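Q: Sending over a structure as structure tokens; questions will come in a sec.
The values are calculated or read from the model by the stated rules, or taken from the named source; none is laboratory data. Computed from a prediction, not measured in an experiment: that's the story for all the values here. Here Cβ is always computed from backbone atoms with ideal geometry, including for glycine, and neighbour counts include all displayed protein chains.
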Amino acid sequence: MKKFLPIFSLAVVLLQSCSSQYSEWEKPLPEGEIVPGVELTPDPIERANRVSYYVDDKLMNYIIEPASDGYRYVVPETGRTGINNFFDNILFPRNFINNLLQADWDGLGRTTDRFILNTTIGILGFRDVAADKYNLKAAKQDTGKTFAKWGWENNFYLYIPLLGPSSDRDLVGKVGDYFMNPLNYDKDAKILNYFLIFNRATFFTDAYRALNETQYDPYDLRRLIYSVTRRYNTDPISFQGEDSPATQTLRAVYLQPREKDFEDWKEEGELQVASTGETINYNYWLQNKPAPLMYVIPGLGSHRSSGQPMFLAEMAYMKGYNVVTFSNLMNFEPVLKSKEGTYPGYTPKDVKNIKKFMSAIDADLEKNYVGQFGDRSVMGVSLGAYYLLNLAASETEEDALKFNKYIAIDSPLDLLYGLKQLDKSYNAPLALETQEERERFVLGTLTKVAAILANGQKIEHNQNMPFTDAEANYLIGLSFRKTLRDMLFISAYQEEIMANNEFTPKNGLYDTLSQYSWEDYYKNFVMPKLLETGLSEEQVAKDVSLKSLTDKLKANDRIFVFTNKNDFLNEAGSDEWVKSTFGDRAKVFEDGGHLGDLITDKVRSEIVEVLEK
């Protein structure tokens, strides 16, 4: 392999020499301790990889996904699962040989036992009785993992159309995997092999579509997932978890519509942004007869088609509402498409922008569907609920929007306090004394996530998450830190993004921007612009706290509030202010963290009761 490295190096030089870059970052970097990041597979040919990702995306959109949708319509999930089990069973030689080459005797034994059980009792492997009846989990191995065990580390990242994320090591490994697949030794069997590969792909097309739609840079996220899953051991392991506000909060990952086809029922509306000439989209679902209209405002950084707003939209739709969802102001869509969306975070300005956008959506819908809409209501979650309550308190203003119902779920009461809590979560590794311990913690936490992803481990929403409190805090903080990084990147390079193509390398700037905390963001980007307008820091602090609106909120009897006592985004005792302000229109639950109990039937039924009033 070493003799080919000069050729690879030459390719890197040629590809990078013709790549355009964004301008240098000129802002001062934050001081103090920085949480160590995970070491990603090096990406020196990022520009070429992004071109490959673009080609792959078009192949998925125009060939694989349409074919997958048609195939899934004809073949039910149980049938596709059986076919996939059969394919796994055929790949026994690959798993057996690679477990043997790695001297993984436990994996070798499990692989052999699974093959015997599934081939016989499981009828050629169409049923996975080894896992279902005997709890024998798969020990999936491949040649790339064997090379890793032997010491070959990934030298550079590769993205290959149809094959997806890879590397120099794993690309060579795929050659070995090819010869260990018995279907590749017969011409007719090769056709079966292609069919089995396609059948397996149909399980992931929805996730691929969602990733591409809801993420600003899905290429970057796929590189992260690949780097973690392929660098570290992801064989099934025993997970120990804790029950805490942070681990309860992680249950929010289950916020998805219960009806699998609900996303397919949506329509997309389109508005033109006057300040940029760009178009921005919103989602809507219409009843087959005139009905009230429910707007859904998602949480911090959430996309209109992500699980959180879709979960709420389905609830409202099933209770007879027409429904609209649009992306949160801190999501990449409004930041990228509107100059007014640059550096959001000051509540009065944000609420003004939300009013303008909702008014434009309302006018667009009324123009296209005359007589379809009755009373308007609004439901918000997390930061969306916070904005909603500010809307409710502004009903006396000249540009006010008035709603029949305001349903606020797990709103932070003070924006600055909530953002500092996100920083605190992300900084969980800094509680460890040495840099080595911190790096080990970060890698260990992400390895646990990788193991869940790699092995398809199912965790029921009513069981404890398999993470410690510190691990859960770090994962929560990491998720929102990515939102901040994307928002900073777009805000600072908006014009260059519009001028450049999507193949332009970004990772160097990503590394720089990832050093900023939410507190840094407010101090260095939001506050200076506010001070220039004559505002004081004291006034800004007042403007971003719901408690300054107590009297106005108390006077509005159309507000309904749901919150948890142990929501980490609010100070201890905040539930007392909620109860005194909203009275019997407030539901305060004992636990659930932040959004973690929304998935439960108990909380869901309480929200449904308000929807039905």
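Q: Quick one: in the stretch 118-144, which of the residues that are within 30 Å of the chain's Cα centre (by Cα) and among the aliphatic types (A, V, I, L, M) is nearest to ILE97 (Cα to Cα)?
A: ALA139
Q: Follow-up. Give the number of residues within the stretch 210-234 that are surrounded by fewer than 20 Cβ atoms within 10 Å (Cβ to Cβ), modelled with pLDDT under 90 and charged (D, E, K, R).
A: Qualifying residue count, the stretch 210-234: 0.
Q: Working only within the stretch 291-327, note down all residues that are aromatic (Phe, Trp, Tyr) and assigned to a loop (DSSP other than H, G, I, E, B).
A: Across the stretch 291-327, the qualifying residues are TYR321, PHE326.
Q: Does PRO334 qualify as being modelled with pLDDT under 95, assigned to a helix (DSSP H, G or I) and either touching a Cys at 6+ places or on another chain (Cβ under 9 Å) or under 23 Å from TRP518 (Cβ atoms) (or both)?
A: Spelling it out, PRO334 is indeed modelled with pLDDT under 95, assigned to a helix (DSSP H, G or I) and either touching a Cys at 6+ places or on another chain (Cβ under 9 Å) or under 23 Å from TRP518 (Cβ atoms) (or both).
Q: Also, I was wondering about something else. Provide a single number: the residues in the stretch 87-113 that are over 34 Å from the mean Cα position of the chain (by Cα) and farther than 16 Å from LYS149 by Cα.
A: Residues meeting the conditions: 4.
Q: Anything in the stretch 167-196 that is among the hydroxyl-bearing types (Ser, Thr, Tyr) and over 25 Å from ALA67 (Cα atoms)? List them, or say none.
A: SER167, TYR185
Q: While we're looking at this one, here's another question. For the stretch 323-348, which positions are surrounded by fewer than 23 Cβ atoms within 10 Å (Cβ to Cβ), under 23 Å from TRP265 (Cα atoms) and out of contact with any His (no Cβ under 8 Å at 6 or more places or on another chain)?
A: Within the stretch 323-348, none qualify.
Q: Of all residues in the stretch 565-594, which are of a type in the set (Val, Ile, Thr), more than 21 Å from ALA252 (Cα to Cα) and in contact with a helix residue (DSSP H, G or I) (Cβ under 8 Å, 6 or more places away or on another chain)?
A: Across the stretch 565-594, the qualifying residue is only THR581.
Q: Restricting to the stretch 49-80, count the residues that are without any contact (Cβ under 8 Å) to a residue 60 or more places away in the chain, in a helix (DSSP H, G or I) and not acidic (Asp, Glu).
A: Selection size over the stretch 49-80: 10.
Q: Which numbered condition trips up ALA400, out of (1) among the small types (Gly, Ala, Ser); (2) outside any strand (DSSP E or B); (3) under 23 Å from SER302 (Cβ atoms)?
A: Here ALA400 meets the rest and fails (3).
Q: Could you tell me which numbered condition ARG304 fails, if it satisfies all but one of (1) farther than 27 Å from GLN215 by Cβ; (2) free of Cβ contacts under 8 Å to residues at least 40 places away in the same chain; (3) in contact with a strand residue (DSSP E or B) (Cβ under 9 Å, 6 or more places away or on another chain)?
A: (1)
Q: Working only within the stretch 309-334, note down all residues that are within 19 Å of TYR522 (Cα to Cα) and out of contact with any Asp or Glu (no Cβ under 8 Å at 6 or more places or on another chain).
A: Correct list: ASN328, MET330, ASN331, PRO334.
Q: Are any of the residues in the stretch 278-293 among the hydrophobic types (A, V, I, L, M, F, W, C), surrounded by 23 or more Cβ atoms within 10 Å (Cβ to Cβ), on the phi < 0 side of the Ramachandran plot and over 24 Å from the mean Cα position of the chain (by Cα)?
A: Taking every residue of the stretch 278-293 in turn, at least one turns out to be among the hydrophobic types (A, V, I, L, M, F, W, C), surrounded by 23 or more Cβ atoms within 10 Å (Cβ to Cβ), on the phi < 0 side of the Ramachandran plot and over 24 Å from the mean Cα position of the chain (by Cα).
Q: Given the condition modelled with pLDDT of 95 or more, assigned to a loop (DSSP other than H, G, I, E, B), of a type in the set (Ser, Thr, Tyr) and more than 17 Å from VAL38 (Cβ to Cβ), answer yes or no: does some residue in the stretch 496-517 qualify?
A: So far as the stretch 496-517 goes, yes, one or more of its residues are modelled with pLDDT of 95 or more, assigned to a loop (DSSP other than H, G, I, E, B), of a type in the set (Ser, Thr, Tyr) and more than 17 Å from VAL38 (Cβ to Cβ).
Q: Out of everything in the stretch 462-489 that is aromatic (Phe, Trp, Tyr) and in contact with a Gly (Cβ under 8 Å, 6 or more places away or on another chain), what residue ends up being farthest from GLN248 (Cα to Cα)?
A: Ranking the qualifying residues of the stretch 462-489, first place goes to PHE480.
Q: Still on this structure, I have one more. Yes or no: the stretch 537-552 includes at least one residue that is part of a helix (DSSP H, G or I), touching a strand residue (DSSP E or B) at 6+ places or on another chain (Cβ under 8 Å) and exposed (fewer than 14 other Cβ atoms within 10 Å of the Cβ).
A: There is at least one residue in the stretch 537-552 that is part of a helix (DSSP H, G or I), touching a strand residue (DSSP E or B) at 6+ places or on another chain (Cβ under 8 Å) and exposed (fewer than 14 other Cβ atoms within 10 Å of the Cβ).
Q: Something else now. Just to confirm my filter: which helices (runs of 4 or more DSSP H) fall fully inside the stretch 93-161 and include at least 2 residues that are of a type in the set (Asp, Glu) and without any contact (Cβ under 8 Å) to a residue 40 or more places away in the chain?
A: Once the helices (runs of 4 or more DSSP H) in the stretch 93-161 are filtered for at least 2 residues that are of a type in the set (Asp, Glu) and without any contact (Cβ under 8 Å) to a residue 40 or more places away in the chain, what remains is 105-120.
Q: Restricting the search to the stretch 586-613, which residues are more than 29 Å from the chain's Cα centre (by Cα) and crowded, with 16+ Cβ neighbours inside 10 Å?
A: If the condition is that a residue be more than 29 Å from the chain's Cα centre (by Cα) and crowded, with 16+ Cβ neighbours inside 10 Å, then ALA586 is the only one that fits.
To keep it simple, each residue is scored yes or no on (1) assigned by TED's automatic domain parsing to the domain that holds ILE452; (2) under 19 Å from ALA201 (Cα atoms); (3) at pLDDT below 90; (4) touching a helix residue (DSSP H, G or I) at 6+ places or on another chain (Cβ under 6 Å).
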| residue | (1), (2), (3), (4) |
| --- | --- |
| PHE86 | no, yes, no, no |
| GLY109 | no, no, no, no |
| THR119 | no, no, no, no |
| THR143 | no, no, no, yes |
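Q: Report, ordered by the first and then the second residue, all pairs with beta carbons closer than 6 Å, sequence separation of six or more or different chains, a first member in the stretch 382-410 that is free of Cβ contacts under 8 Å to residues at least 60 places away in the same chain, and a second member that is assigned to a loop (DSSP other than H, G, I, E, B) and of a type in the set (D, E, K, R).
A: From residues that are free of Cβ contacts under 8 Å to residues at least 60 places away in the same chain, the pairs are LYS402/GLU395.
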